[in-house]
Amino acid sequence: MNKRSFIKSTAMTGIAAAIGMDTLAALFDSKKNVPADLLASDADFWGKIRKDYLLKPDYINLENGYYNFVPQPTLEKYIQHIRDINYQASYYMRTVQWDNKTRMAAKLAEVAGCSPDELIITRNATESLDLVIGGQDWKAGDEAVMAVQDYGSMIDMFEQVSNRYGIKLVKVSVPNHPESDDDIVSLYANAITTKTKLMMVSHIINITGHILPIRKICDMAHSKGVAVMVDGAHAYGHFQYKIDDLNCDYYGTSLHKWMSVPLGAGFLYIKKTRIDKLWPLLGDGNKDMASIKRLNHTGTHPCATDLAVEDALDYYNMMGGEKKEKRMRYLQEYWTDKVRGLPRIILNTPKDLNRVCGIVNVGIEGINPVEMATRLMKEYKIFTVGIDYANVQGCRICPNVYTSLEELDIFVEALKSMAKKA
């Protein structure tokens, strides 16, 4: 079987009928006593999970980081939520809309490891963090610290408040391969001055998959009187952690990435002691300054997405956070171990398991990242994205739990072939 035939035959498995929530629950229950490390490499088990994903047969998708597929059982429930709300219309909006949103937020908080009254549902990580950036009581001369590797939308928001209020932006550059946590912590520490008001740190850098030592950074910043805002867009639902253990002041994430919620949902965590210090994105009639709901007014919005949060969490909880994380790590190590150290192939993500999970950036000497991504798609039918800024030159590789080893083998052979011709 040739490469293109293989892609189509394996991808077509996603067109088969989804196994459904009840069958899925039974499948996971049958493996409840299997250690996560062993289950991570069980091709038959994950092949069954793959059937829940409707995969386009034209290419191998290794760009799950932007928007993750919604499994068919979750998608069907989402469609039913749309029908139900449309059936009730204004009645739903005027009766149970907010109660349901509060209930969903509490479920998110349980997985996130924080108090429900410190978390609100937003539309994505950008909205969450921009609310924090724009909601500060900035004064001319204040300073904010961030990294050039941080997500562009948040840097754009910092640029806007800089132009508006006259604050100074201090940008550091995070090394792709630090020798220790101290390298990272001291980098941020050295950027702090007596005028620093807010620090933004990525929990996992979106362009490389580099996981930063958040707790150590937060403890250091707090010792200097600086608040920390964490961009967790790629962390929630990807690997396990508890927000309360991070000791951050603000935490924003998107749910359409690794939690596989339909587009239009994210959340923002705000430490209780910080809630009354923020201005809302949109004006709200709630005058209780200590209530986080004061910051959650967005006007009329697609409520069906809020309801689908519960379904996505049910799917995630059936799988189990540990099992998902171990599968993501297994897939990452499977392909990186095959190319690490090969001529002209450059891994822009640390090898240390404390600093990486499922996402890795890989480059090839002599090939521009955009060209590399274009050739992977054109010559090998592999879809990914090229990154060429902030000391990162390569393609971001984001498999998901459904990704097969055969697909990764094709990717590895593509890298080797391209490197030889470079």
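The values are calculated or read from the model by the stated rules, or taken from the named source; none is laboratory data. This is a predicted model, so every value here is computed, not measured. In this analysis, Cβ positions are derived from the backbone assuming ideal geometry, glycine residues included, and neighbour counts consider all displayed protein chains.
So here's what we get for this one:
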read-out: Yes/no for Thr298 being assigned to a loop (DSSP other than H, G, I, E, B) and surrounded by fewer than 18 Cβ atoms within 10 Å (Cβ to Cβ); value: yes
read-out: Any hit, region 50-67, residues being over 23 Å from Thr298 (Cβ atoms) and assigned to a helix (DSSP H, G or I); value: yes
read-out: Residue satisfying condition, being surrounded by 15 or more Cβ atoms within 10 Å (Cβ to Cβ), charged (D, E, K, R), closer than 21 Å to Leu282 by Cα and out of contact with any helix residue (DSSP H, G or I) (no Cβ under 8 Å at 6 or more places or on another chain), within set Glu127, Glu118; value: Glu127
read-out: Residues located in region 191-224, provided they are more than 25 Å from Leu108 (Cα to Cα), touching a residue at least 12 places away in the same chain (Cβ under 8 Å) and part of a loop (DSSP other than H, G, I, E, B); value: Ala191, Ile192, Thr193, Lys195, Ile207, Thr208, Lys224
read-out: Output for region 254-288, where each listed residue is among the hydrophobic types (A, V, I, L, M, F, W, C) and at pLDDT 90 or above; value: Leu255, Trp258, Met259, Val261, Leu263, Ala265, Phe267, Leu268, Ile270, Ile275, Leu278, Trp279
read-out: The listed residue being outside the structural domain of Cys395 (by TED's automatic domain parsing) and farther than 23 Å from Gly264 by Cα, out of Met372, Met377, Met289; value: Met289
read-out: Test result for Ala290, in contact (Cβ under 8 Å) with a residue 60 or more places away in the chain and among the small types (Gly, Ala, Ser); value: no
read-out: Residue in region 338-349 that is within 26 Å of Ser180 (Cα to Cα) and assigned to a helix (DSSP H, G or I) present; value: yes
read-out: One residue from Glu333, Glu325, Glu310 being in a helix (DSSP H, G or I) and either assigned by TED's automatic domain parsing to the domain that holds His256 or of a type in the set (Gly, Ala, Ser) (or both); value: Glu310
read-out: Residue list for region 130-156, restricted to those being in a helix (DSSP H, G or I) and within 30 Å of Asn354 (Cβ to Cβ); value: Asp130, Val132, Ile133, Gly152, Ser153, Met154, Ile155
read-out: Residue in region 366-380 that is in contact with a Pro (Cβ under 8 Å, 6 or more places away or on another chain), surrounded by 15 or more Cβ atoms within 10 Å (Cβ to Cβ) and modelled with pLDDT of 95 or more present; value: no
read-out: Which listed residue, of Val145, Val172, is aliphatic (A, V, I, L, M), buried (at least 20 other Cβ atoms within 10 Å of the Cβ), in the same structural domain as Thr253 (by TED's automatic domain parsing) and over 21 Å from the mean Cα position of the chain (by Cα); value: Val145
read-out: Residue that is surrounded by the fewest Cβ atoms within 10 Å (Cβ to Cβ), among those in region 384-422 that are hydroxyl-bearing (Ser, Thr, Tyr) and within 24 Å of the chain's Cα centre (by Cα); value: Tyr389
read-out: Of residues in region 159-190 being charged (D, E, K, R) and in a helix (DSSP H, G or I), the one farthest from Pro213 (Cα to Cα); value: Arg164
read-out: Any hit, region 116-125, residues being within 19 Å of Tyr67 (Cβ to Cβ), assigned to a helix (DSSP H, G or I) and not hydrophobic (A, V, I, L, M, F, W, C); value: no
read-out: Criterion (among the charged types (D, E, K, R), modelled with pLDDT of 95 or more, part of a helix (DSSP H, G or I) and in contact with a strand residue (DSSP E or B) (Cβ under 6 Å, 6 or more places away or on another chain)) met by exactly one of Glu407, Glu413; value: Glu407
read-out: Looking only at region 363-394, and only at residues there that are in contact with a helix residue (DSSP H, G or I) (Cβ under 7 Å, 6 or more places away or on another chain) and in contact (Cβ under 8 Å) with a residue 60 or more places away in the chain, the one that is farthest from Trp46 (Cα to Cα); value: Ile387
read-out: Test result for Asn354, surrounded by 16 or more Cβ atoms within 10 Å (Cβ to Cβ) and not in a helix (DSSP H, G or I); value: no
read-out: Qualifying positions in region 239-269 - touching a strand residue (DSSP E or B) at 6+ places or on another chain (Cβ under 7 Å) and closer than 13 Å to Tyr66 by Cα; value: Thr253, Ser254, Leu255
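Residues checked against (1) among the polar types (S, T, N, Q); (2) part of a strand (DSSP E or B):
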position	(1), (2)
Val230	no, yes
His234	no, no
Gly237	no, no
Asp244	no, no
Thr253	yes, yes
Lys257	no, no
Val261	no, no
Tyr269	no, yes
Thr273	yes, no
